[in-house]
Amino acid sequence: RFSKGFLKTIGICPPRGPSSPQLTLLRQKLSDTYTVEPAFLDQGTVPPAVDLLLVVSPEQLTNKQLFAVDQFLMKGGTVMLSTAPFDVNFDAGLGCKSVDSGLDKWLTAYGIDIQKKMVLDSQNFPLPIPVRRVVSGYAIEEMQLAPYPYFIDIRGSGIGKANGLTAGLNQVMIDFASPISVDKEKNNHRQVLEILHSSPESWTSDSKYVEPDYHTHQLGFPYTTDKGAKLLAVAVEGSFQSFFKDKKSPLVEEKNGKKDSPGEANSAKDKESVVSSLIGKSPDSSRIILFASNSFLSDRMLWMASHSINSQYTKPLELIQNAADWSVQDRDLLPIRGRGHFARTLKPMNQNFEMTFEYLNYGLAIGGLLVVWLVRREFRERTKKRFEKLLLSIQKNKAAEVRL
């Protein structure tokens, strides 16, 4: 195994704020293959050792931070984003709020637009919800699984197979995602790879009310008329023009209005020319990889998905690993990881089939017990008859001896 000094470096721009998602599992997973370090962008630059910049759940990025992301892309780097216009908090029930990432205008300049809606899908992961019931006068709260359309279960044709980004993956869950639209005219000279789509039975909603109502709606939420597959993740590779081209660099500090001496003025001009210099165009190796969700990589969401299937769920983390390998040109690792992490994913079942299958299991179990009881009874009857014959034979022998 190589030491970490020989490994590629992934810089993670850490989310900020008390309600920001925790990314412990993501960091641990990436640390198995890469050197992972925090990438603070407050000074307008990305650490020079970083090969890939991962920005998760950004909120109100400043011009300096956006400038750092832009210039990293202009240098031929890969910017991987996990962002959406909405974020959901589970601390006190289900609460949804609008989020301004600060990236909208930057992405729109490159023909990538995240719509201010959320996608719901009838093909979804169940949500563990607390249900209170009264037993012998005591209130008991237990967790039950219920369909939740905001937990989108992507599989089959929804996973792009034309690239190594999804190698070895046959299923992935993405939550509270927004649809992405890509301007083909602006990206006609770039390669556009569509990574994830929702199912054809998905729809969108701009409502911030995300608590399900199963009494009124079968899936907890009303349907809308815009049914169809929605693009939820995309990669754009090629040459980009800097968003800050022909603009003043955010790194240039405003003067305080005081007059400098000639020597200080010349020094300030030289310093300003260095600070304000920017790269206007990127090489063809630059990439933007966008996942339109703020929280699908968070520890909480991975825990909830694991609770739903009673097993550790790491598919989103494997997807990010694939994207990292594909981005830093280590694409030979993709089929190796695909073989090592292969697991046959069961096809989703509707409720009627689940109930039929469950009752069939109960019937088979009861039938098996009945067969065991019948076999045991048959053995017992045979044993009883054998002992009766033996006892009768002994009695006949004793009667013969008495007569003699």
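The values are calculated or read from the model by the stated rules, or taken from the named source; none is laboratory data. As the structure is a computational prediction, the values presented were derived from the model and not from experiment. Using ideal geometry, Cβ is built from the backbone for each residue, glycine included, and neighbour counts are taken over all protein chains shown. For accessibility, only protein heavy atoms count, side chains too; no ligands or nucleic acids. Shrake-Rupley method; radii C 1.70, N 1.55, O 1.52, S 1.80 Å.
Check L53, L61 and return the single one that is outside any loop (DSSP other than H, G, I, E, B), crowded, with 20+ Cβ neighbours inside 10 Å and of a type in the set (A, V, I, L, M). Matching residue, one of L53, L61: L53.
Among the residues in the stretch 134-155, are any under 18 Å from the mean Cα position of the chain (by Cα), under 18 Å from I320 (Cα atoms) and either in a loop (DSSP other than H, G, I, E, B) or without any contact (Cβ under 8 Å) to a residue 12 or more places away in the chain (or both)? For the stretch 134-155, residues under 18 Å from the mean Cα position of the chain (by Cα), under 18 Å from I320 (Cα atoms) and either in a loop (DSSP other than H, G, I, E, B) or without any contact (Cβ under 8 Å) to a residue 12 or more places away in the chain (or both): absent.
For beta carbons closer than 6 Å, sequence separation of 6+ or different chains, a first residue in the stretch 99-121 that is touching a residue at least 12 places away in the same chain (Cβ under 8 Å) and closer than 17 Å to F244 by Cβ and a second that is open to solvent by 20 Å² or more (accessible area, probe 1.4 Å) and of a type in the set (S, T, N, Q), the qualifying pairs are G102/Q60.
Which is of a type outside the set (D, E, K, R), surrounded by 12 or more Cβ atoms within 10 Å (Cβ to Cβ), more than 30 Å from F243 (Cα to Cα) and out of contact with any Asp or Glu (no Cβ under 8 Å at 6 or more places or on another chain), of I140, I129?
Values: I140 fails: surrounded by 12 or more Cβ atoms within 10 Å (Cβ to Cβ).
Of the residues listed, the single one that is of a type outside the set (D, E, K, R), surrounded by 12 or more Cβ atoms within 10 Å (Cβ to Cβ), more than 30 Å from F243 (Cα to Cα) and out of contact with any Asp or Glu (no Cβ under 8 Å at 6 or more places or on another chain) is I129.
Whenever a residue of the stretch 299-321 is without any contact (Cβ under 8 Å) to a residue 12 or more places away in the chain, its partners that are open to solvent by 10 Å² or more (accessible area, probe 1.4 Å) and not in a helix (DSSP H, G or I), lying with C-beta atoms within less than 7 angstrom and at least six residues away or across chains, give the pairs S306/Q312; S306/Y313. Scanning the stretch 164-177 for residues that are part of a loop (DSSP other than H, G, I, E, B) and closer than 14 Å to Q321 by Cα yields a total of 3.
Just give me the residues in the stretch 182-205 being acidic (D, E) and surrounded by fewer than 12 Cβ atoms within 10 Å (Cβ to Cβ), in sequence order.
Taking the stretch 182-205 first, the residues acidic (D, E) are 183, 185, 194, 201.
Passing the criteria: only E185.
Answer yes or no: is there a residue in the stretch 331-341 that is under 22 Å from L165 (Cα atoms), open to solvent by less than 70 Å² (accessible area, probe 1.4 Å), in a helix (DSSP H, G or I) and modelled with pLDDT of 60 or more. No; the residues of the stretch 331-341 include none that is under 22 Å from L165 (Cα atoms), open to solvent by less than 70 Å² (accessible area, probe 1.4 Å), in a helix (DSSP H, G or I) and modelled with pLDDT of 60 or more. Restricting attention to the stretch 280-320, the residues that are farther than 22 Å from L103 by Cβ and open to solvent by less than 10 Å² (accessible area, probe 1.4 Å) add up to 3. Scan the stretch 37-50 for residues that are surrounded by 22 or more Cβ atoms within 10 Å (Cβ to Cβ) and in contact with a Lys or Arg (Cβ under 8 Å, 6 or more places away or on another chain) and the total you get is 1.
Going through the stretch 88-117 one residue at a time, which ones are of a type outside the set (F, W, Y) and more than 30 Å from G280 (Cα to Cα)? Steps first, please.
Going through the stretch 88-117, the residues of a type outside the set (F, W, Y) turn out to be 88-89, 91-105, 107-109, 111-117.
Scanning the stretch 88-117 gives V88, N89, D91, A92, G93, L94, G95, C96, K97, S98, K117.
Exactly one residue out of G77, G102 is small (G, A, S) and either open to solvent by less than 20 Å² (accessible area, probe 1.4 Å) or touching a strand residue (DSSP E or B) at 6+ places or on another chain (Cβ under 8 Å) (or both): that is G77.
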